[in-house]
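Report on the structure given below.
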């Protein structure tokens, strides 16, 4: 491991097998910014199916540490997890291309270093919430689109696929124009899509389409990825009908294997409010997540 990486072997989680955690792996350096990820792996030789984890925060805040409890939960159940960082937007600093390029490189890094870090390169997926679910859906549907690559960074694994086999999307934004319209009424003081893209649909309409995963939900693009799309029915931040339910319809129309999972009565932040086995919704989601990975994706304990 690099001297910049803090390795901890093993970490004894409560109620499960030991896991191994390697913190602050530098998976890319873009515009002088070191992009880091924390890798949680089950104990043993591997290789393990792996989920890259993308945090939410309106593309303008958040950190990889938000995933610590879920990453531990996954590793306890035989799934490696890579909680990674990406560049964030700010007023006057849109980062759509930068953020998407960063998460692409995170997946490519997992494939390129697979043998060394006990990752199965044929079983790499993602899990994201809110803005992170948007980036994950973009990867799943357009991860190998060269329009979202930046060759100037000279990333060592840029020739590898950024496609994910599994996409677990929670409370995401998938139609950016619809969300811009939603924010006009519900969050008029925080236009996150304008900050992220650098304008409005009136002057950047093509970009708003290009940045919408629904726009990329063709039969060809949807091939090869299995989806779990979850959302709260009382989400006042993201309209689940215009976003999650619409994505499910587009994916099914494109022939994708997709399982919708509605959390009745849940708000926007339910996934991060408590740990995987705490609260009203997280234990339900955790059980459904493991069932989806084992029964629908073949990622269960018997797969490794």
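Please treat every number below as a calculation from the coordinates, not as lab data. Keep in mind it's a predicted model, so treat the numbers as computed, not measured. No Cβ is skipped: glycine too gets one built from the backbone with ideal geometry, and neighbour counts run over all protein chains shown.
Is the shape of segment 51-147 rounded, prolate or oblate, going by the alpha carbon gyration tensor and its root eigenvalues a ≥ b ≥ c, with a/c under 1.5 for rounded and a/b larger than b/c for prolate? Taking the square roots of the gyration eigenvalues as a ≥ b ≥ c, segment 51-147 is oblate. Taken as Cα centroids, segment 66-94 and segment 123-202 sit 14 Å apart, rounded to the nearest whole angstrom.
The peptide list 69-75, 108-114, 27-33, put in order of mean Cβ contacts within 10 Å with the highest first, becomes 69-75, 108-114, 27-33. Shape analysis of segment 163-245 places it in the oblate category; the axes a ≥ b ≥ c from the Cα gyration tensor give an a/c of at least 1.5, with a/b not above b/c. Distance from the Cα centroid of segment 239-286 to that of segment 19-53 is 25 Å (rounded to whole angstrom). If you restrict to DSSP beta bridges whose two residues both lie in the chain, what percentage is antiparallel, to the nearest 5? Of the beta bridges lying entirely in the chain, close to 40 percent run antiparallel. Once you put a point 7 Å from the Cα of residue 60 and another 7 Å from the Cα of residue 181, both along the Cβ direction, what distance in nm separates them? Calculated label separation equals 2.2 nm.
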